[in-house]
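Q: One structure, as structure tokens, below. Some questions next.
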Amino acid sequence: MTTATNVAPQLEQDVDALTTSNRRRRVSDRSDDTRKTNWWATALIAVCSLTVLIPLYLAVVVALKTPAQLSEGTGFEWPNPIRWENFPEAWERTNFPQALANTALITVGAVVFTLLTSSIVAYAIARNIHRPFFKGVFFYFLAALFIPFPIIMLPLVKQTAILGLDNQAGMIILYTIYGLSLNIFIYTAYIRSIPIELEEAARMDGASTWRVFWSVIFPLLMPMNATVGILTCAWAWNDFIMPLVVLTDPSARTLPLAQYVFQGQFNTDYTVAFASYLMAMAPLLIVYIFSQRWVISGVTRGSIK
């Protein structure tokens, strides 16, 4: 009894000492983290962010000015009074609803087909890269990255006209095909990092190759799906050259083509043009605001798995 009584205070002292030590260690770790902050890098990032904020501010200011206000000063002055009429004028001159619908149709279709086709092809290559045929296919796709689009532009125009693909459906197919090279390169590197034991376990349960891909591999590709989806969305939404040379129906023109109406032979209506640029940029910003939660969570789940 006496021994137990003597041991209890000693245990309490040991616990208190351990708690104090852990508390000091946490404080020390926090102070170490503070000392490790690279303020030069932070300042550099803040300065580099101005390369985005300043052009954005300039675009907003120009869109709210009159042509007379734009010709005065340096262009950075806030307009007084503000000309809101630039936005309705841009809406009418570009036929914004129809151009927006065409652009959204092409972009959504391109993103969906790109995610499906690129991930499947990359999975087949990644799991058979040790075979000469698949290795050759992989390098064949990589070689396409070094072919400039203007070289194949004229043959492309003729082929799309012959095949009847000079419309929105043809644009979706072209974006899917021309995005294969980069997307397969991104997907293949990530798929090869996924343990093959996950697939073997699924096959032990009787899953087929298609079942393994859709039930095991594709959910793990969420980080890469987010990356490829964002790249494809930005490319298809902002592209100007390919719709210019492929689309033949004026009613099928996209937003970049519709905004070309502001470019005259001798002058450019900058105020209305910048208003249309902000209107075209708004849908992508709204999509990002509402989808960033899923993008970040997908990256987090992918890193944990």
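Q: Only residues of the stretch 135-165 count here: report those whose backbone N is under 20 Å from the spot 7 Å along Cα→Cβ of ASP249, or say none.
A: 157-165
Q: Here is a follow-up. Using every Cα-Cα pair within the stretch 245-288, state what percent have a distance larger than 12 Å.
A: Of all Cα-Cα distances in the stretch 245-288, 67 percent exceed 12 Å.
Q: Restricting things to alpha carbons, find the Rg to Rh ratio for the stretch 73-206 using the Kirkwood radius for Rh.
A: Taking Rh as the inverse mean 1/r over Cα pairs, Rg/Rh reads 1.18.
Q: Which value, in Å², gives the accessible area per residue of the stretch 134-271 when a 1.4 Å probe is used on the protein heavy atoms?
A: Spelled out: the 1.4 Å probe surface of the stretch 134-271, per residue, equals 56 Å².
Q: Rounded to a whole number, what is D in µm²/s for the stretch 119-173 from Stokes-Einstein with the Kirkwood radius over alpha-carbon pairs (20 °C, 1.002 mPa s)?
A: 159
Q: Could you give me the radius of gyration and the Dmax of the stretch 174-216, taking only the C-alpha atoms into account and expressing both in angstrom?
A: Radius of gyration, then largest Cα-Cα span, for the stretch 174-216: 13.4, 39 Å.
Q: Additional query: Report the extension gain between ALA143 and ILE82 in nm, rounded to one decimal, defined as 0.36 nm multiplied by the number of residues separating them, less their alpha carbon distance.
A: This chain segment gains 16.8 nm when fully extended.
Q: Can you give the Rg to Rh ratio for the stretch 142-237, taking only C-alpha atoms and Rh from Kirkwood?
A: 1.10
Q: With Cβ to Cβ distances under 15 Å as the rule, what net charge do the other residues near VAL62 carry (K, R +1; D, E -1)?
A: Around VAL62, the surrounding residues sum to -3.
Q: Please report Rg (one decimal) and Dmax (integer) in Å for the Cα set of the stretch 74-147.
A: For the stretch 74-147, the Cα-based Rg and Dmax read 23.2, 68 Å.
The values are calculated or read from the model by the stated rules, or taken from the named source; none is laboratory data. It should be emphasised that the depicted structure is a prediction, and the values quoted were computed from it without experimental measurement. Every residue, glycine among them, receives a Cβ derived from its backbone with ideal geometry; neighbour counts consider all protein chains shown. Side chains included, ligands, DNA and RNA excluded: accessible areas come from the protein's heavy atoms. Shrake-Rupley method; radii C 1.70, N 1.55, O 1.52, S 1.80 Å.
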